Amino acid sequence: MPDYRSIVILTGAGISAESGLATFRGPDGLWEGHHVEDVCTPQALARDPELVHRFYDERRAKLAQVEPNAAHRALARLEREWQGELLLVTQNVDDLHERGGCGQVLHMHGELLSALCASCDGRREWRDAMPPGSACPVCDARALRPDIVFFGEMPYQMDRIDAALRNCDLFVSIGTSGAVYPAAGFVQTARYVGADTLELNLDPSAGSTYFHESRMGPAGELVPIWVEEVLAD
Ligand code: OAD
């Protein structure tokens with residue numbers, strides 16, 4: 001394996017699948033039971049706040065019943081033991097990377113355990129159900145919403161992610177279908193600057209052909225093996 005100095009890792013719902021959280025696309029996916037536009041857009045929140053809040057309340061409750069798996073723990077080991085620069089970007093709104101031991105996780109699509117005030121932009125840890133009209137602990141406005149990046153909204157910290165991609169020499173994509181931009185385009189940015197690109201996924205993603213190497217299988221098996229390879233060098 002080449003002597004890498006800077007790695008960017010992107011994870012998606014597939015890394016949490018073996019923990020028991022449903023992915024979005026596919027036969028049992030969350031988007032099979034719901035229309036994206038009913039629960040994951042600013043318009044949906046304005047039109048039917050009960051439905052949107054219930055959707056995220058259910059997912060927050062489910063999160064309390066699952067545990068991180070071997071893939072989350074292996075990435076935490078990489079963070080602890082690898083000497084180079086590492087940025088872990090996740091599209092996931094669960095906290096399984098953190099519970100698996102990762103200290104630095106960039107949640108580009110927001111977090112289930114965070115509440116965002118639409119009035120003051122304040123954020124607070126939120127572990128319970130969030131009835132529509134819940135009061136903001138910062139400014140008291142009844143404008144709390146799940147801290148989730150809805151379709152049509154800008155993902156978080158794109159400047160930081162873009163800078164890291166332009167500086168990396170390895171980009172690794174784990175457990176994501178490559179269906180949602182801008183994350184789906186990260187591989188192209190990384191290739192543009194000459195980085196190696198590796199995909200670890202159950203099935204080939206939409207952008208599979210952009211990767212120098214694709215390994216197919218469950219993240220719980222593939223990720224620990226890959227981390228072992230990086231740390232062995
Ligand atoms: P998807 O549900 O679109 O894709 C999950 C991917 O994980 C698929 O390619 C599966 O083949 C793969 N997969 C399933 N089980 C796996 C396993 N055990 N090991 C490895 N891979 C596995 O989820 P995402 O790509 O994360 O956005 O979806 C991207 C975004 O679309 C989400 O962040 C969400 C959604 O709409 C928002 O909610 C804003």
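No value in this document is a laboratory result; all are computed from the given coordinates. As the structure is a prediction and not an experimental result, all values here were calculated from the model. Here the Cβ positions follow ideal geometry from the backbone for every residue, glycine too, while neighbour counts run over all protein chains shown.
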The one condition residue 227 fails out of (1) touching a Lys or Arg at 6+ places or on another chain (Cβ under 7 Å); (2) in a loop (DSSP other than H, G, I, E, B); (3) more than 10 Å from the ligand (Cβ to nearest atom) is (2)
Residue pairs qualifying under the 6 Å Cβ cut-off, at least six apart or on distinct chains, with the first in region 60-74 being assigned to a loop (DSSP other than H, G, I, E, B) and the second being away from the ligand (no atom under 12 Å from the Cβ), are 68/96; 68/99; 68/100
Checked region 49-94 for anything within 12 Å of residue 21 (Cα to Cα) and either acidic (Asp, Glu) or touching a Ser or Thr at 6+ places or on another chain (Cβ under 7 Å) (or both); matches are 58, 66, 67, 68, 69, 92, 94
| Does any residue of region 98-108 turn out to be without any contact (Cβ under 8 Å) to a residue 24 or more places away in the chain and within 25 Å of residue 14 (Cβ to Cβ)? | yes
Residues of region 117-158 being in a strand (DSSP E or B), more than 18 Å from the chain's Cα centre (by Cα) and surrounded by 15 or more Cβ atoms within 10 Å (Cβ to Cβ), in sequence order, are 117, 123, 144, 145
Taking region 209-224 and the residues there that are part of a loop (DSSP other than H, G, I, E, B) and surrounded by fewer than 20 Cβ atoms within 10 Å (Cβ to Cβ), the one that is farthest from the ligand (Cβ to nearest atom) would be 212
Note: among 206, 179, 190, 164, just one is within 15 Å of the ligand (Cβ to nearest atom), among the aliphatic types (A, V, I, L, M) and in contact (Cβ under 8 Å) with a residue 40 or more places away in the chain, namely 179
